[in-house]
Every structure is written in structure tokens, then in C-alpha cells.
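Below is one structure; the comments refer to it alone.
The values are calculated or read from the model by the stated rules, or taken from the named source; none is laboratory data. All values reported here derive from a predicted model rather than from experimental measurement. Virtual Cβ from ideal backbone geometry, glycine too; neighbours counted across all protein chains shown.
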Amino acid sequence: MKKILILGASGAIGRYLIDYFYERSSEWNIELITGDIRENSFVKERSSFFQMDVSNKESFEQLPKDIYAVIDLATFMPARMIGYDPKKYIDINIVGTYNILEFCKSNKVDRLLFGQTFGDILKHADKDPLLKVDLNPIQDYKDNKSVYISTMNASVELIKCYHSIFGIKTFIFRLPTIYNWDTDIYCENGELIKMAWQILVEQATKGEDIYVWGDPERKKDMVYVKDLCQMFFKACFVDRNYGFYNVGTGVGISLLDQIKGIISVFGDTNKSEIRFSPEMRNAPQYIMCIDEAKNELDYSPCYSYIEMLEDMKKERDLDRFH
Ligand SMILES: NC(=O)c1ccc[n+]([C@@H]2O[C@H](COP(=O)([O-])OP(=O)(O)OC[C@H]3O[C@@H](n4cnc5c(N)ncnc54)[C@H](O)[C@@H]3O)[C@@H](O)[C@H]2O)c1
């Protein structure tokens, strides 16, 4: 029996990850251990849950010691921050990662998986939308996400140090926006807002006109949380010491096709009309190069864009993750 500890288990990605691992637990002989600062019934029903604060070293004392793998999603991101309190990024992302690494070292954990942000390289996409895994980080330091990104970069560097010095097997995943039916809060510049796709789904559901902002041909890699789960799962069992992977599908969906898809999946009989607003600002563009994940993890995305939307609709109706 392999004990897998998922930290940040009650989060948007964590809940799907618990579902994915739980469904495979008897076949793969997995025991799920989970930790988060907040409780979630869905997670508690499927794992041994520990309420804990990763920034507090003592929190780790309650955990079982014979852990095979740790998956660290217990970081703090700007999308969850109302106002601006950068100390949270330092405490949870850097100190939290250090505490997790010390836990791994002391308990001879076989491997650590970590969810890094693609914010470290996104600016490269202004010139070429294809983001390769080995691009050098560049940042817009004026952007208030820069402190978050810096703490995530620091965490990645710390993890690489512990991998090299103490031999902890290490798998780092660079995440773009991960699509899922997420009902948690979402913030931009410290203010609560709705995500663009949520607004589009609402408009399509009501049959309202939908405006395509800026260039309709800009393409984005729309990766579903269940494909990310596949990657994490494979990295738990792959016979390697180290991996650094972009998360994605490797395919770009144009803004126009994104909107057409949302109308066809979420629209009722009274379908939304598409209108164009070229004077509005462009949407972000990026496509994640996933060659390393394909070659080293045998990863193959299961969800096309439309299949992802259909599954999101199914999860909306099931409303399971409380
Ligand atoms: N979701 C995305 O699209 C995305 C994209 C890029 C990077 N990421 C990274 O992946 C992480 C996980 O993503 P998510 O969408 O599940 O985020 P989330 O905010 O929904 O989940 C994070 C979880 O960590 C928990 N947590 C926060 N502080 C903690 C602490 N001190 N101790 C223990 N648990 C704590 C939260 O309660 C939450 O359940 C993000 O924080 C972010 O750094 C996510």
C-alpha cells in the first residue's frame, strides 16, 4: 500500500485530484492522506484528512510518517487574494514549501510533485505563443502578481536544491489556467470578479448576445483539470528521478472557437448571437509545449475542448465537490 499525501486537497484542483486518485486507489493500492487549512466533506469522505497550516512546521507532526509521495498544491495565488497581502505568498509558498521539503527529507519520502505557475514565462507568448518548457523566466515586475510569481520561482529553486542535495525525486508541473467547474472566489488585482469563461457561460445559458473582444483568432491552450490529474497520477509511478513539465494540451483554441463551443454546449434553444468588438483589448494567447510530458510520462490529453465543456456541464449538474 502506497500512502500519497495531497496538500491543498480542498482546493479547486485538489478536489478533482482526490476524485481521480480515489477512483484508482484499489487497483493501484493507494492510501490517500490529505491536508488543507480548510475542511471539505468531499475530500474527508475519500481520504484521511488532516487540518493543517503548511506555513507552521508543527502542523506536520500529526501526519503519518510512511508517506510514499507528496503532491503540493497548498500554495496561495492572486486569484484567491482579496486586497493585497504579499506576506501570504512568502509564508505559504516559500516557508510552506520549505516545511514540506523538510518533512520529505526527514521521512524519506520517495517523491514530491509541485504545481508551479506558468506566470514565470507567460510574457514570452507576446512574441511566440508556443511556450517551451526550458524558456528563461521573465516577469513584468510592475504587475502585482510578480510577488506571487517570485515566491513560486523561489519554491521551485528550493525544491531543485533538495532534489540535488538529498535525492528527493522531484516532478514540477507548470500550470496555465486550469479549467474546471470552480465555484470558489476569483480575484483580479485584489477585487472579486467573475472569470471570463463564467461570464460567457452565463450569457450562453441565457441566450444573450456575446461579444468577441479584440482579435478573434488569438489562441489559448484550454486544459481540463482531469488531464492535469492524469499527469500527476503518472508522475507518482513513473520510474524517473526528475521531471519538469508544462501542463496543457499542446493545441490552441481560437477565441472565436472558444465562444462557439460555449454557445453550442451551454446554450439552450434560443442560441446567443456572436458579435465582434475589435476595439476591445485582446485576450491572452499561449500554447503549452507538452513534448516532455508526452515522452517521459506517456501523457496524452483525453479531453478535446468540446469534451471538456461537456464534462464541465456534467460536473455543474452533479455539484459533487462540497
Ligand atoms: N488553478 C489554476 O488555474 C492554477 C494555475 C497556475 C498555478 N496554480 C497553482 O496551483 C495551486 C493550486 O491551485 P488551485 O486552483 O487548487 O488553488 P486553490 O486556491 O483552489 O487551492 C489551494 C488550497 O490550498 C489551501 N491552503 C492555502 N493556504 C494553506 C496553508 N497555509 N496550509 C494548508 N493549506 C493551505 C487552500 O485552503 C486551498 O484549498 C495554486 O495555489 C497556484 O499556486 C493554479
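A few points about this structure:
- The numbered conditions (1) modelled with pLDDT of 95 or more; (2) surrounded by fewer than 18 Cβ atoms within 10 Å (Cβ to Cβ) are all true for ILE159 except (2).
- Any hit, the stretch 109-116, residues being polar (S, T, N, Q), within 23 Å of LYS234 (Cα to Cα) and either away from the ligand (no atom under 15 Å from the Cβ) or not in a loop (DSSP other than H, G, I, E, B) (or both): yes
- Single match in MET81, MET52 (criterion: within 7 Å of the ligand (Cβ to nearest atom) and either small (Gly, Ala, Ser) or surrounded by 14 or more Cβ atoms within 10 Å (Cβ to Cβ) (or both)): MET52
- Once the stretch 63-78 is narrowed to residues that are within 30 Å of MET1 (Cα to Cα) and near the ligand (Cβ under 9 Å from one of its atoms), the residue that is surrounded by the fewest Cβ atoms within 10 Å (Cβ to Cβ) is LEU73.
- Elements of type helices (runs of 4 or more DSSP H) contained in the stretch 1-82, each with 2 or more residues being closer than 21 Å to GLN116 by Cα: 12-23
- Counted residues, the stretch 24-43 - those being away from the ligand (no atom under 13 Å from the Cβ), farther than 22 Å from ASN107 by Cα and of a type in the set (D, E, K, R): 2
- Identity of the residue in the stretch 219-244, among the basic types (Lys, Arg) and more than 14 Å from ILE4 (Cβ to Cβ), that ends up nearest to the chain's Cα centre (by Cα): LYS226
- Qualifying residue in the stretch 8-20 (condition: surrounded by fewer than 22 Cβ atoms within 10 Å (Cβ to Cβ) and more than 9 Å from the ligand (Cβ to nearest atom)): yes
- Candidate set: the stretch 84-108, residues that are part of a loop (DSSP other than H, G, I, E, B) and in contact (Cβ under 8 Å) with a residue 12 or more places away in the chain; chosen: the one nearest to the ligand (Cβ to nearest atom): PRO86
- Candidates GLU217, GLU208, filtered to the one that is away from the ligand (no atom under 13 Å from the Cβ), in contact (Cβ under 8 Å) with a residue 24 or more places away in the chain and touching a Leu at 6+ places or on another chain (Cβ under 9 Å): GLU217
- Flag if LEU192 is surrounded by fewer than 21 Cβ atoms within 10 Å (Cβ to Cβ) and among the aliphatic types (A, V, I, L, M): yes
- Residue ID - nearest to PHE237 (Cα to Cα), chosen from residues in the stretch 117-173 that are part of a helix (DSSP H, G or I) and charged (D, E, K, R): LYS160
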